[in-house]
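These notes are about the structure you will find just below.
The values are calculated or read from the model by the stated rules, or taken from the named source; none is laboratory data. This structure is a prediction, so every number in the text was calculated from the model and none was measured. Here the Cβ positions follow ideal geometry from the backbone for every residue, glycine too, while neighbour counts run over all protein chains shown.
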Amino acid sequence: MICKKCGNDLRCKVSLKTEDSGDRPIEISYQWWYCEKCGAKYYGTLEDSSVNMFDDRVLHKGDEADEAKWQETLKLALKCPDEGNSSCTCEAHKNAPPFSVGGAAWYTND
């Protein structure tokens, strides 16, 4: 991912994997991205439906984040003992956002 503000590569700090509770199997990861160069913060949402043999798409969306809200939600996410476990019952997984949407930063649909 590329920073919308300065063009530098972004780094992902945390990625909480969850499962959609809807009628189709899908893995959703809520992500906290940041730019080391300019300090910009972003939320990412990665929706992977490849767990369903009839639907193998991956949707990755990124939005600009408010610094204070990003830091607040990151603190909670960092408390997770197993961020890649969608069955984790920690507070971060139970209260995984959908994030409030800022300006769109990236969108891929493979």
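Note on the stretch 7-54: among residues that are at pLDDT below 85, charged (D, E, K, R) and not in a strand (DSSP E or B), the one that is surrounded by the fewest Cβ atoms within 10 Å (Cβ to Cβ) is ASP23. Answer with yes or no whether ASN109 is in contact with a Leu (Cβ under 7 Å, 6 or more places away or on another chain), surrounded by fewer than 16 Cβ atoms within 10 Å (Cβ to Cβ) and at pLDDT below 90. Answer is yes for this residue.
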